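Step one of this worksheet: look at the structure below.
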Amino acid sequence: MSYIDSFALSLPEIILSFGAIVLMLAAAWMGDKASKAISWVSVLLLAGAGLALLGPAGSGGLGYDGLYVADPFAAFAKLLIYVGAAVAILVAPGFFNRDGEMRAEYPVLILLSAVGMGTMVSAVDLLTLYVGLELQSLAAYVLASFLRRDDRSAEAGLKYFVLGALASGILLYGISLLYGFSGTTSFVGVAAAMKASMGSGLLFGLVFVLAGLAFKISAVPFHMWTPDVYEGAPTPVTAFFASAPKVAAMALTVRVAIEAMGPATGEWRQIIIFCALASTILGAVGAIGQTNIKRLLAYSSINNVGFALFGLVAGTAYGASAVMTYMTVYIVMTLGSLICVLQMRTADGTPTEQIAALSGLSRTRPALAAAFAIFMFSLAGIPPLFGFWPKFMVFDALVRVDMWPLAMIGIATSVIGAFYYLKIVKTIYFDEPAGVLAPSRSMIEGVLIALAALFVSPLGYLMIGPLGRITQTAANALF
Amino acid sequence: MIQTIAFYLFAVMVIASAALTITARNPVHSVLWLILAFFNAAGLMLLVGAEFIAMLLVIVYVGAVAVLFLFVVMMLDIDFAELRAGLSRYLPFGVAIAAALLAEIVIAAGVWEAGPVQLAGRTAVTPSPDQVPNIEALGTLLYTRYLFVFEGAGLVLLVAMIGAIVLTHRARGGVRRQNIMRQSMRRAEDATRMTNPTVGQGVEL
């Protein structure tokens, strides 16, 4: 395979990295005045990278001597990643402009992070995996402390950096063990070595690699950073963290578990079962006492990651497609709710994150209240809304491999989780108005909320057919 | 045989000095332990026949640590008088460590003469070290087979640079910057004036 073919396979990454470098130069010459234009060009670049997936980059197979793969699974994950990144860029100017903190580096960092995430989901070699993960994380650390005058933002960045570096160290240690005991870094080679003999060295490598990845998807017991980082980071950045990197890390975990550790399914299944159960339970229980909406959504994301992992526990193609369906619907719901949080500004325009500020929202801003309620019902997985479907799919995948006790525990935690989602709806609809939120000033946010609400509304069920086919094709690429 | 002994020597020393790096109460001591850890890691590299990486480890990391050392001294409040006070007490210990380091270097040289260790089960893509020099093999692999990850690593460094600027750079107002272009565009006629003042009238400024 010549280099031209390999370049064609990684066209989305090439478009994004060259675009990011050119935009960085533009930012250096034109200054922060141009940040709005740079944001729009970044969104166009993401759209271009998404279009490139239609070509060989969508299903061209292995490239770069087996370091990189362009298959439908990677292509679908990249599509979700680009959507998440584009939304995070679009909603940023409205948030940062108020403090005069909108800088042109924001979209550039998100683009570079998207390159890293694309590399992660296309990785079929431990080296590619690690470089992609570091590129994504490093950009994320900077983004978390983007509001450098805000103490909480700086704290979030520092915490994320220190804990993330620790997780990278654990992951790297696992990778070195896998390499040491299998003699190769490619996923196929590691799988072959595991098939030949599953020694304790490989087992330790497996555990450490999964621990490192569990940190990135914030599954319990590696979730400690999530509430603090989500709360402290600027809200558009929180929206980004809760969507694109989650999808990338989840897709990467699925690929590593199935392609690199397929012969050791019995071994990793125990770990994933523990993570899934602990995440759903802790995510449901931990959120109950929260008064800050971003913290609550952080616990909600831990909870949702647990549900998505149930699909992986099944270890079948159907289970993997359930994971991808889950992530698709999850990022729409979570982006929608975080853009709603962006709308929460007191009368003088100061952003507020207290759940109490939502009291009586239905009387002051009925449309926003309705959107909030739709997202909350959907996150709770209540049937007429689309959030029910992916939950149904992951439990269906479990039942198909006769793991119904797990499915039952999952359903029970889902009911516990419904409590805090419904509490927000109660605050919005039945409490006395506490104060008036400032009217919306951003057209884009309104449109995005409406689109997300439409997607998770019962109309979303029309998507089941096409979404099911796409995720099935994606999942089949792994087996 | 000598290779096995050397491996365990270096490995134990790496782990021990790494543990001491994080447990030492004095940051200056931590830095010194870190240097010892790097030297031993370089010894391990030498053992598998990667001389270039071994040298790189010593030159780059020990160099970087020297800079780190400066930062530690600059940023932390360390009482140097107290540090020096124990010199005579710690001198034997310091000499012992220096001797250990010297012995390790001798052993490493001996091992290197004995040839590299064959790693079990390695299906590495690297050419055999006795046919292609280390640096050449590294360069060939980096720019061909591992091109993608190499460029990816470059992007990681770019992000680190952007991040450092985003988080620390502040545009200051009211600063008069040197504008070399304006300086060289300026002509003598614009800046100077020839006058011919009459005697006793004073000058007009």
Tell me the Kirkwood radius of the stretch A:179-309: reciprocal of the mean inverse pair distance over distinct alpha-carbon atoms, in Å. 15.5
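If r is the Cβ-Cβ distance from A:Asp402 to B:Leu56 and R0 is 60 Å, what FRET efficiency results, to the nearest 0.05?
Numbers: r = 54 Å, r/R0 = 0.90.
So the FRET efficiency works out to roughly 0.65.
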Kirkwood-based shape ratio for the stretch A:111-201, expressed as Rg/Rh from alpha carbons: 1.12
Reach of A:Lys423 by Cα under 18 Å, taken over aspartates and glutamates that are not fewer than 8 positions away in the same chain: A:Glu353, A:Asp431, A:Glu432
Accessible area, 1.4 Å probe, largest first: how do A:His223, B:His29, B:His169 sort? B:His169, B:His29, A:His223
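How do B:Ile97, B:Ile22 rank by accessible surface area computed with a 1.4 Å probe, from largest to smallest?
Numbers: B:Ile97 50, B:Ile22 145 Å².
From most accessible down to least: B:Ile22, B:Ile97.
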Accessible surface ranking that places the most exposed of B:Met74, B:Met45 first, with a 1.4 angstrom probe: B:Met74, B:Met45
Cα centre as origin, Lys/Arg/Asp/Glu Cβ charges: the protein assembly as shown dipole, Debye: 1400
Keeping all protein chains in position, work out how much accessible area A:Arg295 exposes to a 1.4 Å probe, and write it in Å² to the nearest 10. 50
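The stretch B:1-79: percent of C-alpha pairs farther apart than 17 Å?
Working: 1554 of 3081 pairs.
Counting every Cα pair in the stretch B:1-79, those more than 17 Å apart make up 50 percent.
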Dipole of the protein assembly as shown, positive end: most advanced residue of A:Met463, A:Ile293, A:Gly435 [Cβ charges, Cα centre]: A:Gly435
I'd like the distance separating the alpha-carbon centroids of the stretch A:138-202 and the stretch A:432-446, in whole Å. 40
About the Cα centre, charge dipole magnitude for chain B (Lys/Arg +1, Asp/Glu -1 at Cβ), debye: 860
Can you give the net charge of the other residues whose Cβ lies under 14 Å from the Cβ of A:Ile470, counting K and R as +1 and D and E as -1? +1
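At 20 °C and a viscosity of 1.002 mPa s, what translational diffusion coefficient does Stokes-Einstein give for the protein assembly as shown, taking Rh as the Kirkwood radius over Cα pairs? Give it in µm²/s as a whole number. All intermediate terms of the calculation are to be shown ahead of the outcome.
Details: Rh = 27.7 Å.
Rounded, D is 77 µm²/s.
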Given A:Lys36/A:Lys159; A:Lys294/A:Lys391; A:Lys78/A:Lys426, the pairs whose alpha carbons are separated by over 26 Å: A:Lys36/A:Lys159; A:Lys78/A:Lys426
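Evaluate Rg over Rh across the stretch B:126-171, taking Cα atoms for both radii and Kirkwood's formula for Rh. List each step's numbers first, then the result.
On the way: Rg = 16.6 Å, Rh = 12.8 Å.
Here the Rg-to-Rh quotient is 1.30.
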Got a number for the accessible area of B:Thr140? Probe 1.4 Å, square angstrom, nearest 10. 80
Among B:Ala160, B:Ser30, A:Ile4 - extreme Cα towards positive end, dipole of the protein assembly as shown, charges at beta-carbon: B:Ala160
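Add -39500 (n - 2.57) for each DSSP H run of 4 or more in chain A, then divide by its residues: what number comes out at 222 nm, to the nearest 500 deg cm²/dmol? Working shown, then result.
On the way: 22 runs with 353 residues, N = 479.
One gets -24500 deg cm²/dmol as the mean residue ellipticity at 222 nm.
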For A:Ala34 and A:Tyr3, FRET efficiency with R0 = 22 Å and r from the beta-carbon atoms, rounded to 0.05? 0.05
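The values are calculated or read from the model by the stated rules, or taken from the named source; none is laboratory data. As the structure is a computational prediction, the values presented were derived from the model and not from experiment. Cβ atoms come from the backbone with ideal geometry, glycine included; neighbour counts cover every protein chain shown. These accessible areas exclude ligands, DNA and RNA; they are computed on the full protein's heavy atoms, side chains included. Shrake-Rupley method; radii C 1.70, N 1.55, O 1.52, S 1.80 Å.
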